[in-house]
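So the structure is just underneath, and the comments pick up after that.
The values are calculated or read from the model by the stated rules, or taken from the named source; none is laboratory data. Given the structure is predicted, the values throughout are model-derived calculations rather than measurements. Cβ sites come from the backbone with ideal geometry, for glycine too, and all protein chains shown count toward neighbours.
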Amino acid sequence: MYKKGYFTLGNIYNIGKNKYIFIFSGEQYNIFFHTMKKTEKYKIKFSILFEWYFLFFSLYSAIIHSYYFSQMSSKKFSLPIILLTILLDIIGFGLIIPSLPFIIRGFGLGEHWVGITFATFSIGMFLGGIVFGRLSDMYGRKHILMMTSFLNMIGYIFFAFAGNIWFFMFARFLSGLGGAGMAIGQAYISDISTPGDRTKNLGMTGAMFGIGFTIGPVLGGLFGNGSHLILGLAAAVIIFLNFLIIAFFLPDIKNKHLEVSEESVSPMDFHHHKKQIYILFTLTFLLSIGFSAMQTTFPLLLADRFSFHEKEIGYLFGFIGIIAIIYQGFLIKYVRKILDERGMILFGFSALILSFSLFAVNPFFLGIFVIALFPLGQGSINPAIGSLHAHYAGKEVGKALGTNASMLSLGNIVGPFLAGYFYLIWNGAPYIVASIFFLIAFLFVFFGLRNVEKR
């Protein structure tokens, strides 16, 4: 036998009659020919060598160029890139929503497990928001975004190959930890935005949510067919692409937020404006309870009341996403000229109270117009809350938005459990309960944030 050390990389050797061996990257590849002329031999040798070296130098060049591109701390590139990473996160998450009730039923479990699944994801996001938000203030957004993206990808791989409900739940928990990256993405946007542009730029994250919830659920409804293998692998590929974009193209912004003091390590301890920040946390908590109640039961209600399947559910989520894109991508800047952050939050909760209470009792074809108010309400509230956090928290904005994401997740734990219980009583009950939580939040804003200054 011939040893690899006796050969030269890239050469072809005759080791027997009509039998040749080609040495490629330290390995032996046998090539059989009935006849081989000398010119053909060198032609093959040159062709394979050219492809090998071309691949090597192309890969090397791509890495070097993407590295230097990622060092360009230019707002021209950083904003669209971070918005793209948020979009890919939402597409991956949205893929599984239409099929989730059918996947749970495939495990032979009842509808209340849909709520437990959402709650498990939210527990992971709750813990991830607290931990990774603080770490992003200390060590920079980019490195922590890479970490959360990697966790998210592993979670979707486990999701794809889950053979029982407990492994399935563990996969959702991991993806929840990685889902905290969306809050860090908002902190990144706050870092690169001026006070005047902050609400508008954070509103663009809402547009990314709209696009993601247009593309993700539609694709999931069309191709999922209740298969967590297909959906999990598709989501993992999307998140892996997201990881590569963050690693090679997202500028590593250096800013004042990395100078945060080491004294305050508690996620609920802030140096300034504690009362206002706590009110914002309360609003996020109440909003998430109501909205997660809708997310948990919406596919079930459509399936039970209107006999919808994954495809139709995906289309309806796509409709909601299109409304969100139009409002948060184009119209919100005009609303912002009329209303300050407090006014936007009041308007948002008013829209949600109206839409949820009417949808609970209206037939579907009347309710479809009410559904359009869902993204208008949420799209007004979230960017305003994010902007106020940036204003009040200052250099602790990463911790504030991370804790805010944890409050969102905490509400997403409570909401699905409540929704599952009330859904068994009446399928419209979760929307009435959600409207009550929105009303409480409205009163918090009306009385607690009365003196928010216009900027």
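Conditions (1) in a helix (DSSP H, G or I); (2) within 19 Å of Gly386 (Cα to Cα); (3) modelled with pLDDT under 85; (4) not assigned by TED's automatic domain parsing to the domain that holds Ile230, marked per residue:
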site: Thr85; (1), (2), (3), (4): yes, yes, no, no
site: Ile91; (1), (2), (3), (4): yes, no, no, no
site: Ile97; (1), (2), (3), (4): no, no, yes, no
site: Ile103; (1), (2), (3), (4): yes, no, no, no
site: Gly115; (1), (2), (3), (4): yes, no, yes, no
site: Thr148; (1), (2), (3), (4): yes, no, no, no
site: Ala183; (1), (2), (3), (4): yes, yes, yes, no
Those residues of the range 257-293 which are of a type in the set (A, V, I, L, M), modelled with pLDDT under 85 and in a helix (DSSP H, G or I), in sequence order = Leu258, Ile277
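Considering only the range 198-229, state which residues are surrounded by fewer than 17 Cβ atoms within 10 Å (Cβ to Cβ) and either within 30 Å of Asp340 (Cα to Cα) or free of Cβ contacts under 8 Å to residues at least 60 places away in the same chain (or both). Let's see the steps before the verdict.
Let us first name the residues in the range 198-229 that are surrounded by fewer than 17 Cβ atoms within 10 Å (Cβ to Cβ), namely 200, 222-223, 225, 227, 229.
Listed by number, the residues that qualify are Lys200, Phe223.
Assess whether Phe126 counts as being assigned by TED's automatic domain parsing to the domain that holds Asp252, under 19 Å from the mean Cα position of the chain (by Cα) and closer than 25 Å to Gly220 by Cα. Quick ask: steps written out before the conclusion?
Values: assigned by TED's automatic domain parsing to the domain that holds Asp252: yes; under 19 Å from the mean Cα position of the chain (by Cα): yes; closer than 25 Å to Gly220 by Cα: no.
Judged against the criteria, Phe126 is not a match.
Conditions tested, residue by residue: (1) at pLDDT 85 or above; (2) at positive phi; (3) crowded, with 18+ Cβ neighbours inside 10 Å.
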{"residue": "Ser387", "(1), (2), (3)": "no, no, yes"}
{"residue": "Ala393", "(1), (2), (3)": "no, no, yes"}
{"residue": "Gly398", "(1), (2), (3)": "no, no, yes"}
{"residue": "Ala405", "(1), (2), (3)": "no, no, yes"}
{"residue": "Gly428", "(1), (2), (3)": "yes, no, yes"}
{"residue": "Phe442", "(1), (2), (3)": "yes, no, yes"}
{"residue": "Val445", "(1), (2), (3)": "yes, no, yes"}
{"residue": "Lys454", "(1), (2), (3)": "no, no, no"}
